[in-house]
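Just so it is clear, none of the values below were taken in a lab; they were calculated from the coordinates. Given the structure is predicted, the values throughout are model-derived calculations rather than measurements. Here the Cβ is made from the backbone with ideal geometry for all residues, glycine too, and neighbour counts use every protein chain on show.
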Amino acid sequence: MALDRWESRLEDLFQGRPYDMLDAALSDTVGKFPVDIQPFKDMIEGMRLDLKKSRYKNFDELYLYCYYVAGTVGLMSVPVMGIAPESQATTESVYNAALSLGIANQLTNILRDVGEDARRGRVYLPQDELAQAGLSDEDIFAGKVTDKWRNFMKNQIKRARMFFDEAEKGVTQLSSASRWPVWASLLLYRQILDEIEANDYDSFTKRAYVSKANKITALPLAYARSLIGPSKISSKVL
Ligand SMILES: CC(C)=CCC/C(C)=C/CC/C(C)=C/CC/C(C)=C/COP(=O)(O)OP(=O)(O)O
C-alpha cells in the first residue's frame with residue numbers, strides 16, 4: 001500500500017505536481033535534467049520484490065534485484081551528472097558503466113552484510129553457487145568461517161570487482177565536475193571488499209569498513225583520476 005502510494009506520488013511529481021517538499025525537490029530536478037521515470041518505478045518494484053522474496057536461486061535473479069535497488073540509482077544519476085561534451089563514447093556505454101557501479105556497490109553491500117541479513121532471515125546470495133561450494137542456508141545462519149565459505153566469498157568478491165572494473169570505463173566520460181565524487185565513491189566502496197578479505201571473510205560477526213585514514217587518502221587519488229577525461233591521454237597512467 002505504501003509503495004503504491006509512493007508510485008502515484010512519483011507519477012504526480014514527474015508531471016509537476018509534488019505532494020511535499022521532498023517531492024518538490026525531485027520535481028525541480030526532473031524539470032531541469034532529462035531524467036526518465038522508469039528507473040524510479042523500477043526501484044519501487046525492487047522494494048516490492050524485497051517484501052516477498054528472501055532467497056535468490058541464481059545470479060540472474062540476484063542481478064535483477066541489484067538492478068532494481070541500486071543499478072537504477074546509476075541510471076538516475078547520469079542525466080544529472082552529464083556526459084562530457086567532448087566524449088566520443090556512446091550514451092549506452094556510459095549508462096552501462098553507471099549501471100555496473102550500482103550493481104558493484106550493491107553486491108559489495110550484500111557481501112559486507114551477510115550476518116546482519118541472516119539475522120533477519122534473509123540470504124542475498126545465489127543459492128546454486130552456495131550449493132556448488134558445499135554450503136547451505138544453515139551454514140549462513142551458523143555463521144562459521146570455513147574453507148568452503150572462504151572459497152565461496154573469494155568468487156563473489158571477484159565478481160563484484162569485475163563490475164567495478166566495468167564501471168571504471170565510464171567515469172572518464174562523465175562531465176568533469178562529476179568525475180571526482182564518482183571516483184571517490186568507487187574507490188571507497190571497492191575498498192570494502194579489501195576489508196572483507198582483511199577480516200578473513202568474516203561477514204557474519206564483523207562489519208567491514210574503510211578507516212578514516214584510508215578514506216582521506218582516497219580523496220586526492222580520486223581527484224587525480226578525475227583530471228583524466230575523454231581525451232587521447234592514456235587513462236592507464238594513474
Ligand atoms: C560510473 C558512471 C558512469 C556514473 C556513476 C553512476 C552512479 C552514481 C552510480 C552509483 C549508484 C549507487 C550509489 C547505488 C547505490 C548502491 C547501494 C550500495 C545501495 C545500498 O543501499 P542500502 O541497502 O539502503 O544500504 P544499507 O544496506 O547500507 O542500508
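Would the range 75-87 turn up any residue that is surrounded by 18 or more Cβ atoms within 10 Å (Cβ to Cβ), of a type outside the set (S, T, N, Q), touching a strand residue (DSSP E or B) at 6+ places or on another chain (Cβ under 7 Å) and within 26 Å of Ser54 (Cβ to Cβ)? No, the range 75-87 contains no residue that is surrounded by 18 or more Cβ atoms within 10 Å (Cβ to Cβ), of a type outside the set (S, T, N, Q), touching a strand residue (DSSP E or B) at 6+ places or on another chain (Cβ under 7 Å) and within 26 Å of Ser54 (Cβ to Cβ).
Which of the residues belonging to the range 84-121 are among the charged types (D, E, K, R) and farther than 25 Å from Asp194 by Cβ? Across the range 84-121, the qualifying residues are Glu86, Glu92, Arg120. Candidates are the residues of the range 172-219 that are of a type in the set (Gly, Ala, Ser) and assigned to a helix (DSSP H, G or I); the one that is nearest to Thr108 (Cα to Cα) is Ser185. Is at least one residue of the range 170-183 within 23 Å of Val114 (Cβ to Cβ), in contact (Cβ under 8 Å) with a residue 24 or more places away in the chain and under 18 Å from the mean Cα position of the chain (by Cα)? Among the residues of the range 170-183, not one is within 23 Å of Val114 (Cβ to Cβ), in contact (Cβ under 8 Å) with a residue 24 or more places away in the chain and under 18 Å from the mean Cα position of the chain (by Cα), which makes the answer no.
Listed here are the residues, each with its yes/no results for (1) more than 14 Å from the ligand (Cβ to nearest atom); (2) within 13 Å of Leu101 (Cβ to Cβ); (3) surrounded by fewer than 19 Cβ atoms within 10 Å (Cβ to Cβ).
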{"residue": "Leu174", "(1), (2), (3)": "no, yes, no"}
{"residue": "Arg179", "(1), (2), (3)": "no, yes, no"}
{"residue": "Asn199", "(1), (2), (3)": "yes, no, yes"}
{"residue": "Ser203", "(1), (2), (3)": "no, no, no"}
{"residue": "Tyr209", "(1), (2), (3)": "no, no, yes"}
{"residue": "Lys215", "(1), (2), (3)": "yes, no, yes"}
{"residue": "Leu221", "(1), (2), (3)": "yes, no, yes"}
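Within the range 109-121, being surrounded by 18 or more Cβ atoms within 10 Å (Cβ to Cβ) and out of contact with any strand residue (DSSP E or B) (no Cβ under 8 Å at 6 or more places or on another chain) holds for Leu111, Arg112, Ala118. The set of residues in the range 35-79 being closer than 30 Å to Asp137 by Cβ, among the polar types (S, T, N, Q) and within 15 Å of the ligand (Cβ to nearest atom) consists of Ser54, Thr72. Within the range 8-22, the set of residues being touching a Leu at 6+ places or on another chain (Cβ under 9 Å) and closer than 16 Å to Pro39 by Cα comprises Leu10, Leu13, Phe14. The single condition among (1) more than 22 Å from Leu3 (Cα to Cα); (2) surrounded by 17 or more Cβ atoms within 10 Å (Cβ to Cβ) that Tyr65 does not meet is (1). Being buried (at least 19 other Cβ atoms within 10 Å of the Cβ) and either in contact with a Ser or Thr (Cβ under 6 Å, 6 or more places away or on another chain) or aliphatic (A, V, I, L, M) (or both) is the requirement here; does Ala160 meet it? Judged against the criteria, Ala160 is a match.
A count restricted to the range 119-137 and to residues that are without any contact (Cβ under 8 Å) to a residue 60 or more places away in the chain and part of a loop (DSSP other than H, G, I, E, B) stands at 6. The residues in the range 80-96 that are in a helix (DSSP H, G or I), of a type in the set (A, V, I, L, M, F, W, C) and either more than 8 Å from the ligand (Cβ to nearest atom) or over 23 Å from Val30 (Cβ atoms) (or both) can be counted, and the count is 1. Return a yes/no flag: does the range 142-153 have any residue that is within 15 Å of the ligand (Cβ to nearest atom), more than 20 Å from Tyr67 (Cβ to Cβ) and out of contact with any Asp or Glu (no Cβ under 9 Å at 6 or more places or on another chain). Within the range 142-153, not a single residue is within 15 Å of the ligand (Cβ to nearest atom), more than 20 Å from Tyr67 (Cβ to Cβ) and out of contact with any Asp or Glu (no Cβ under 9 Å at 6 or more places or on another chain).
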